[in-house]
Amino acid sequence: MNILQINSSLYSGNGQSSRLADEFVATLRAENPRAELVVRDLAKEPVPHLDEKRFQAFITPKDARTDEQKAIVAYSDALIDELRRAEVIVLGLPMYNFGVPSQLKSWIDHIARSGETFKYSEKGRVGLLTGKKAYVLAARGGLYAGSPADTQTAYVRQTHQRPCLYWQSETQALLDETRTDGIFPLITNDEKLSIKEVLLAYKHQPALEKRHEQFKSVLQVRPMMLKNHLRIEAFLFLYFLALLTEALIEREARQRMRKLNIKKLPLYPEERPCTAPTTERLFELFEDLRRHRLVDKNGAVQQRFYDEPSEPQRAALRLFEFSAKKYLAAAEEGGAAG
Ligand SMILES: Cc1cc2nc3c(=O)[nH]c(=O)nc-3n(C[C@H](O)[C@H](O)[C@H](O)COP(=O)(O)O)c2cc1C
């Protein structure tokens, strides 16, 4: 990846915008260690103002240019080549007197050349250097967000509408990786463990993962397009409350089993015994308990029919000191309310 960093602060590399750009480039390079970087500092090497002489050089046909005009065009060509080679452009952009620095404007005036970097079409000006990603790190003294003076944010929004993915094969990293084929290192950050203890702890891992999987799957949490981080936070908070409720029900069930000296409950299919009931299993147990109401044509309930709770269901209800009658009455209330 080729990165072109353009510093346009009059303070050169010390400007706030240049330092922001430096930090941003550092993160890009950390992710892409082979990225090549060119820094163009418009304060250290100012681009001359575009005047009539220089503009005339640009529009004079190639073969008719004087030596002086050739030198002017060669200078502009070099700036354009630098831009053409860059795949990613990082611009440090301060606000001076409500606009972009004149140093930057001079640079733009030297790289905006018809037939080189843009052309005129029926739709107006069309850019010719496409497929590049530009990042603008803007710095300013005042607060202009939402006001017409905020020209920079509008510009940044326009250039940052779509996330972009880059990838490349790291040949050396792949070669290094193949050397470890077949080797499975067991890594721990607990320095007190002996090698045997690390292995034993590792063997316990599937049990932990199973528990984690139960946490994830039971509530059927799925990634969604929540768009804004506050919704994600709210969503995770609800998830946290649901997990907490589940954990409390589970703890209550297990504590009651211990207190009542119940070693096992027949909660699994075929009334197979369960020593540590999960909330999921307790809820599942009551899923097929049916309740019907016979209503007349005015909607008034004439008669109620309930399935008789099975022995596993009764056992679970007893654990929570709920009689079958009380449970069904509560279910009826919930049903009527719902
Ligand atoms: C000559 C000059 C003009 C400035 N004009 C404005 C301005 O119009 N609005 C503003 O919010 N800040 C203005 N500032 C403040 C700069 O935008 C702010 O200090 C910014 O961080 C400078 O970035 P830099 O350190 O990269 O040059 C101005 C600063 C200077 C030196």
Determine the shape class of segment 1-88: with a ≥ b ≥ c the square roots of the Cα gyration tensor eigenvalues, call it rounded for a/c under 1.5, and otherwise prolate if a/b is greater than b/c, oblate otherwise.
oblate
Whose amide H sits under 5 Å from the amide H of I6, counting only residues 5 or more places off or on another chain, with H placed in the peptide plane?
R40, V90, L91, G92
Ignoring everything except DSSP H segments at least 4 long, calculate the 222 nm mean residue ellipticity for the chain; use -39,500 (n - 2.57) per segment, divide by total residues, nearest 500.
-14500 deg cm²/dmol
The chain: D in µm²/s via Stokes-Einstein (Kirkwood Rh, Cα pairs, 4 °C, 1.567 mPa s)?
46 µm²/s
List, in order, the whole-Hz ³J(HN,Hα) value for each residue of segment 79-96 obtained from phi through the Karplus relation with A = 6.51, B = -1.76, C = 1.60 and θ = phi - 60°; use x for Gly and Pro.
5, 5, 4, 4, 5, 4, 5, 6, 8, 10, 10, 10, 10, x, 10, x, 9, 10
Determine the alpha carbon to alpha carbon distance for each of K210/K263; K133/K210; K196/K259; K264/K325 and list only those over 32 Å.
K133/K210; K196/K259
Could you tell me which residue out of P148, Q69, P309 lies farthest along the dipole of the chain toward its positive end? Charges go on the beta carbon: Lys and Arg +1, Asp and Glu -1, centred on the Cα centre.
P309
Three principal axis lengths of segment 247-337 [C-alpha, angstrom, descending]
50, 26, 19
Can you run phi through the Karplus equation (6.51, -1.76, 1.60; θ = phi - 60°) for segment 29-41 and list ³J(HN,Hα) in whole Hz, with x for Gly and Pro?
6, 5, 7, 10, x, 8, 4, 9, 10, 10, 10, 10, 9
Rounded to the nearest 10 degrees, the helix 229-259 long axis (Cα) sits at an angle to the longest Cα principal axis of the chain of 30 degrees
C-alpha long axis of helix 102-111 to longest principal axis of the chain, angle in °:
80 degrees
If you project the alpha carbons of segment 14-159 onto the principal axes, what extent comes out on each, in Å, largest first?
48, 41, 35
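Here, each number is a calculation from the coordinates, and none is a lab measurement. On a predicted model such as this, the values are computed, not experimentally measured, just so you know. With ideal geometry, Cβ positions are generated from the backbone for all residues, glycine too; neighbour counts draw on all protein chains shown.
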